[in-house]
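Okay, structure first, notes after.
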Amino acid sequence: MFVTDIRKEFYEVVVNQRVALFVSPDIDALCACKVLQALFHCDQVQYTLVPVAGWQDLGTAFMEHKEQYQYFVLINCGANVDLLETLQPEEDSVFFICDTHRPVDVVNVYNDTQIKLLIKQDDDLGVPSYDDIFRDDEEDEEAGDDSGNESDGSAEPSGKRRRYDEDALERRIERQRARREWEARRREILFDYEQYEFHGTSAALVMFELAWVMSKDTKDMLWWSVIGVTDQWVHDKIPHMKYVTDIATLQRHVSRHNHRNEDEENSLSIDCMRITFEYDLRLVLYQHWSLYESICNSCYTSCSFKLWSINGQKKLQEFLADMGLPLKQVRQKFNSMDMTIKENLREVIEESANKFSMKDIRVQTFAVHFGFKNRFLASDVVHAAAALLENVERDETPTDNFIKALDCLSRSNLERLHLGIALAKKKLKAIQQTVASCICTNLILSQGPFLYCHLLEGTPDVKLFSKPLALTLLCKYLLKAFVCSTRNKRCKILPLIMAAPLDVEKGTVIVLGIPPESETSDKKNFFGRAFEKAAESTSSRTLHDHFDTSVIELKMEDRGKFLDALIALLS
């Protein structure tokens with residue numbers, strides 16, 4: 001059931017208990033986890049933190065902890081399946097689920113005792129009404145009573161009994177017909193409700209609002225919630241309007257916190273943390289890179305210029321010339337650029353970008369200042385944390401990477417954040433090169449109802465793209481680049497399915513589907529359902545283990561029949 005008073009029905013329940021905290025490996029979940037950890041530290045709540053990468057992990061973690069714990073908090077996992085069916089818990093276990101995945105499973109919505117959903121009601125949930133989905137089987141019992149009456153009335157004349165039997169039979173047939181109609185309608189309602197996967201309000205923002213309601217919110221918590229919302233925007237999980245609305249909510253909180261520190265008596269020392277609302281450039285990591293590298297490796301500018309072509313490179317040179325910035329300045333690290341250039345750099349870039357029909361070069365976001373030296377945009381931190389979370393350079397366990405990504409969000413660990421930024425640069429370069437080679441070698445094929453691209457084993461950096469967040473970024477970037485470069489109007493409105501090698505020894509690939517590219521899109525993804533149906537109808541060996549249903553693992557040999565089934569299903 002939905003929790004209406006999060007403080008009373010969630011926090012005050014767990015505050016004197018031991019809690020098991022299951023956290024999914026995405027940046028929004030990490031931020032929500034940081035906020036909740038900070039609250040737990042305030043109130044000295046004992047908890048165990050367990051990273052869970054998929055449904056199998058969640059099942060294992062639950063089996064290990066179910067004896068010691070009664071209360072479980074699930075962050076960004078568990079809402080979109082029937083959790084009691086999946087985990088088979090004891091009757092006294094209680095699950096608090098703070099999850100952005102939609103649609104929420106109807107059994108979770110209508111379970112009053114064990115499932116408590118920490119989900120904002122103002123999201124467009126569209127949950128079907130109880131009577132449309134569940135019905136009591138009392139009618140069936142009545143049907144049984146009717147048939148049992150035959151033997152009792154043996155003293156009655158036979159003509160009367162026959163007429164009575166006919167009435168009972170008609171009633172039963174009528175009931176069965178009504179039940180069949182109800183079941184058909186139920187299937188239809190559930191299909192409409194569960195057809196598309198999408199994301200709701202950031203979990204970090206929900207947790208921050210809990211802290212705010214209890215007057216325990218700090219600037220650190222506010223910054224984590226900013227990163228959570230920015231993560232949804234960077235990884236294309238929410239529509240642009242939803243992002244703008246959430247940013248406006250956060251802006252009010254930022255003003256409130258900054259206002260507290262304006263008066264003379266409570267003024268902060270200069271090395272403290274300061275969050276500011278910015279209308280900044282859509283250039284990734286530009287303050288930690290050279291301007292030239294950032295323009296080349298940002299999805300927005302790279303696709304606008306078509307940098308994978310010779311004409312695109314010429315266009316970029318024209319753009320730099322139009323800004324009137326010396327190449328020497330543009331190619332050196334941003335920190336080392338002349339102060340005179342940096343002062344009005346954003347305005348200069350925006351002015352030139354408008355001439356090159358890049359109207360949206362600036363976007364609403366937040367920056368954080370730690371003292372004089374360190375300034376980070378929210379998107380910088382998202383890229384750095386994602387790179388640490390999915391680091392493939394050293395053979396470290398997913399749990400080690402999870403802890404490092406969690407650490408880089410603390411302001412006491414700036415070294416780790418800088419390490420994450422260095423990894424993010426490598427990742428963005430790899431994405432840029434992969435996109436260029438896919439476009440130039442025509443690896444994107446139109447399969448009818450969708451576009452398809454398969455990265456072959458042996459492609460540079462292919463190991464990086466066996467991870468869902470990196471593959472999502474590549475997929476989004478590749479589709480945008482393809483839409484910019486193709487002349488085929490029909491292909492511009494198609495979704496994209498991408499496959500990348502996962503485990504060569506087992507012969508598996510990771511498959512991901514994303515909705516069509518458009519600024520106004522609602523980001524609803526129908527591939528989760530389609531993948532299930534296609535795998536079922538062809539008996540393909542697939543593993544639907546990710547919390548995002550649009551990411552699956554598939555045996556290499558079954559790829560052909562699986563794609564054929566998808567084409568037939570979506571045509």
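Odds and ends about this structure:
- Which listed pairs, of LYS467/LYS492; LYS328/LYS359; LYS120/LYS524; LYS242/LYS373; LYS306/LYS523, have C-alpha distances above 29 Å, in listed order: LYS242/LYS373
- Nearest-0.05 FRET efficiency for GLU174 and ASP400, computed from C-beta distance (R0 60 Å): 0.40
- Sorted largest first, the spans of the alpha carbon positions of the chain along the three principal axes are 109, 62, 44 Å.
- Stretching SER215 away from GLU67 to a fully extended chain increases their span by 49.9 nm, per 0.36 nm per residue minus the current alpha-carbon distance.
- In this simple spin-label approximation, SER412 and ARG18 carry label points 7 Å from Cα along the Cα→Cβ vector, and these lie 2.5 nm apart.
- Averaged per residue, the chain has 47 square angstrom of accessible surface, using a 1.4 angstrom probe with ligands and nucleic acids left out.
- Of all beta bridges that DSSP places with both ends in the chain, some 60 percent have antiparallel geometry.
- Distant alpha-carbon pairs in segment 443-570 (separation over 19 angstrom), percent: 45
- Remark: the GLN447-THR60 segment gains 135.5 nm on full extension, using 0.36 nm per residue and subtracting the alpha carbon distance.
- Backbone N within segment 407-450 under 20 Å of label point (7 Å from LYS314 Cα along the Cβ vector): 440
- Convex hull (Cα only) mean projected area of segment 272-430, reported in nm² to one decimal: 9.9
- Placing +1 on the Cβ of every Lys and Arg and -1 on the Cβ of every Asp and Glu, with nothing else charged, gives segment 443-570 a dipole about its Cα centre of roughly 520 debye.
- Farthest positive-ward along segment 438-503 dipole, Cα basis, beta-carbon charges - from CYS475, CYS491, HIS454: CYS491
- Separation of the ARG490 and SER357 label points, Cα + 7 Å toward Cβ, nm: 2.4
- Using R0 = 35 Å, the C-beta based FRET efficiency linking ASN258 and LYS8 works out to 0.70.
- Ligands, DNA and RNA left out, the accessible area of the chain computed with a 1.4 Å probe is 49% carbon and sulfur.
- The Cα trace of segment 6-124 gives Rg and Dmax of 13.2, 37 Å, the first to one decimal, the second as a whole number.
- A simple packing score, the average count of other Cβ atoms within 10 Å per residue, orders the peptides 477-490, 226-239, 282-295, 549-562 as 226-239, 282-295, 549-562, 477-490, with the highest score first.
The values are calculated or read from the model by the stated rules, or taken from the named source; none is laboratory data. What you are looking at is a predicted structure, and each value in this text was computed from that prediction instead of being measured. So basically every Cβ, Gly included, is an ideal-geometry build from the backbone, and we count neighbours across all protein chains shown. Each accessible area value is taken on the protein alone, full model and side chains, heavy atoms only, with ligands, DNA and RNA left out. Shrake-Rupley method; radii C 1.70, N 1.55, O 1.52, S 1.80 Å.
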